[in-house]
Amino acid sequence: MIWDVIVAQSPALLIAIPLLFAFFCPFIGKISNMVRNIWVAVGMALTSAVALILAWDVYAFGTRIYVFGAQAANYALPLDSGGIPVRIIFTVDPMSALMQIIAAITGLAIILYSISSEQRHSGLSSFYTLYLLMITGILGMVSTGDLFNFFVFLEIVSIASAGLIAYRVDKGLAVEAALKYFVLSTIGALAILFAIGIYYGEYNALNIAMIASRMQFTVLDQIALVLIMAALAMKCGSVPMHFWTPDAYSMAPSSITAMLVVASQASLYGIFRVLFTLYNVTLNTATVGWIVIVLGVLSMVIGVTMAIPQKNVKRLMAYHAISQTGYMLLGVGVGLAVLGNQPLMDSFGYTAMEGGIFHIINHAMYKGLLFLTAGAVFFRIGTYNLNKMGGLGHSMKWTMVFFIIGALAIAGIPPFNGFASKWMIYESVYVFNPILAIIAMVVSILTLASFVKVFHSIFMGPKLPEYEGVKEAPLPMLIGMGILAVIVILFGIFPETVVSTLIVPAAHALTNQGAYIAAVLGGV
Amino acid sequence: MFLNIPYIAVVVLALIGLATILFKRNLIKIFLGIVILESAVNLFLIALGYREGGIAPIYTNAPAGEEMVFSTVQALTLTSIVIGVATTAVMLTFAMVLWKKYGSIETNKIRRLKE
């Protein structure tokens, strides 16, 4: 009985629970830090549980829609509306469910981690409030079936993340990074709002399914596409507009950096949703596909080459994050370039898309893990500068193990998860265009080289006298990193199972525009 | 022509806003540019919502045969204004902190991240 209610209302609970816990967090914080930590952990655990229940339901029984304020949760079209969905609708298909799984797992691991990593700082009530708001925004962005709603959640994520990036003022440096991020985000969000206005003016609708079913691909639609693509590509840190990423990622607290990775991927999800669900084959798929591929290749190459000379470990990892985003764009871009051509789609298009989408979840896990290990090292020695580190492998053994797992995964070494998704991208992209696959492999090798250097300078070498008393990171931080490390290994050992249960439905949900429209508007 | 005036105003405002963001060095002026750009977008939304001869969708007041106009864009604009207030507040807070820490809000002085 109560189970049925939870399953039926889960899309609403997904937003309501973290919002409720965020709202009460400052009041609970007045009682004691201990109670507040428990409150936040319980809130995040409940959110993750609801997200996983909803994802399970979607994978088992197909796309779910949830209509706010209707008589029944799936009552999308009021009888007297003339077939127009007037209410706010959440449309959760397997692609959204996959993003919810990512946010749920990393969110939980990070909250466990930050309970000990942030304990020495003040103002933690606002920290956790903003953290929960960020989770709310990310979950909303990936669940919503309404464009304006997407904009609102995007702004919630921007405001919360900007606050969190600036959280450790750090003589103003963190505020500078946050300001750069926030000004760009705001301008980007206004571009998206302008595009939404264009859609509304043309099609009298805000619902993604409704606009998709009426899509004409006129000149105005092209302008709107450019505005949305530019803004979201900036938000996900793809190359021509990547310059905020290293600043924001390196100045934010490490736990937040790991969450920013998930937030960037929610923007990436936005790009895919717009390209595949909103436009689909009305686009000139070859041209737009190649634009996405070029963005991806540029991100891969420039990201990794900028990463190699960096001295700040988090700045270096941030450039690698840009480079890895390139892989996702490359995989999905190849899928888009051959969309509508069924034989090519079957021979390599779907594999490329599955590789790109699989890389999203893998990247969130191992990159989150790497940022958390960097944070653990910072927690003990107080610097991110690679030249000042050394010999920490003697005292921080577990952190070192987790770092090795993350580093091998990002470099695409079997049996870790990065290998599984990169392999899918290589083999499918090679059929499409061998040069692209070779560039991807070279980037992978450079990534490995870069991480060998980082590993060597942080953990290897004799014990340094100034780090004599350094101990292992505290247990909650290790548990947080451990959750992500276990997933990295499991996904690497059983890629077949993960791909067939999680990734294939997501890729097909993304390409099958008709099913998405039918789920909201009824049979087409 | 007359009905296009709001759209012309949107373009002019957006250009003024973008030019201010790109060419001014003072943070407060950049924020003003963002606010102007935001007003352009809000004006665009509101202009879209106008339908000639339409009336407000209040059922009991509706004379027979009149076109009712759905008030979605007005709701969107209200939401967008509220979000705009929040973003402006956050940006001004950042400017305050930077002023305290750096003693300047000129963008060419705020670049310590790049050494």
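The values are calculated or read from the model by the stated rules, or taken from the named source; none is laboratory data. The structure presented is a predicted model; accordingly, all values stated were derived computationally and were not measured. Cβ coordinates were reconstructed from backbone atoms using ideal geometry, including for glycine residues, and neighbour counts include every protein chain displayed. Only protein heavy atoms, including side chains, enter the accessible area calculation; ligands, DNA and RNA are left aside. Shrake-Rupley method; radii C 1.70, N 1.55, O 1.52, S 1.80 Å.
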(request) May I ask you to derive the relative contact order of the range A:361-413, considering only C-alpha pairs under 8 Å and at least 6 residues apart, and to give it as an integer percent? (result) 56 percent
(request) Determine the alpha carbon to alpha carbon distance for each of A:K171/A:K453; A:K471/B:K101; A:K314/A:K471; A:K235/A:K311; A:K235/A:K471 and list only those over 27 Å. (result) A:K171/A:K453; A:K471/B:K101; A:K235/A:K471
(request) Just need the Rg to Rh number for the protein assembly as shown, please, alpha carbons only, Kirkwood Rh. (result) 0.96
(message) Counting only helical runs of four or more DSSP H residues, what would the 222 nm mean residue ellipticity of chain B come to if each run contributes -39,500 (n - 2.57) and the total is spread over all its residues?
(response) -22000 deg cm²/dmol
(request) Measure nothing but the geometry: give the 0 to 90° angle between the long axis through the Cα atoms of A:285-307 and the longest principal axis through the Cα atoms of chain A, rounded to 10°. (result) 10 degrees
(message) What number comes out for accessible area per residue over the protein assembly as shown if the probe is 1.4 Å? Units Å², please.
(response) 38 Å²
(request) Give a quick list of chymotrypsin sites (Phe, Trp or Tyr not before Pro) in the range B:1-95 that DSSP marks as loop, anything other than H, G, I, E or B, with at most 13 other Cβ atoms within 10 Å. (result) B:Y50
(request) Evaluate peptide A:182-195: per residue, the Cβ atoms of other protein chains within 10 Å of its Cβ; return the mean as an integer. (result) 5
(message) Using the basic label-point model (7 angstrom from Cα toward the beta carbon), what is the A:D4 to B:S71 distance in nanometres?
(response) 3.9 nm
(message) Please compute the average number of Cβ atoms from other chains found within 10 Å of each residue's Cβ in peptide B:30-40.
(response) 2
(request) Sort A:424-435, A:239-250 for me by packing, meaning the mean count of neighbouring Cβ atoms within 10 Å per residue, highest on top. (result) A:239-250, A:424-435
(request) Using the 2.2 N^0.38 Å rule of thumb for compact globular proteins, work out how the range A:125-261 stacks up: its C-alpha Rg over that value, please. (result) 1.13
(request) Can you tell me which of B:96-103, A:231-238, A:204-211 comes out highest on packing, and rank the rest after it, using the mean Cβ neighbours within 10 Å? (result) A:231-238, A:204-211, B:96-103
(request) Rounded to the nearest 10 degrees, what's the angle between the helix B:27-48 long axis and the longest principal axis of chain B, both from Cα atoms, 0 to 90? (result) 10 degrees
(request) Quickly work out the B:I46-to-A:M460 label distance, labels modelled 7 Å from Cα along the C-beta direction, and quote it in nm with one decimal. (result) 6.5 nm
(request) Figure the gain on full extension for A:M34 and A:L46 (residue separation times 0.36 nm, minus the Cα-Cα span) and round it to one decimal in nm. (result) 2.5 nm
(request) Kindly express, to the nearest 10 degrees and within the range 0 to 90, the angle between helix A:94-117's C-alpha long axis and the longest C-alpha principal axis of chain A. (result) 30 degrees
(message) Students often check this: by mean Cβ neighbours within 10 Å, which of A:342-348, A:142-148 ranks highest, and how do the rest follow?
(response) A:142-148, A:342-348
(message) What does the structure give for B:71-84 when I average, per residue, the other chain Cβ atoms found within 10 Å of the residue Cβ?
(response) 4
(message) For B:K100, give me every one of the aspartates and glutamates with a C-alpha distance below 14 angstrom, ignoring sequence neighbours fewer than eight places off in its own chain.
(response) A:D170, A:E176
(request) Of the DSSP beta bridges with both residues in the protein assembly as shown, give the percent that are antiparallel, rounding to the nearest 5. (result) 90 percent
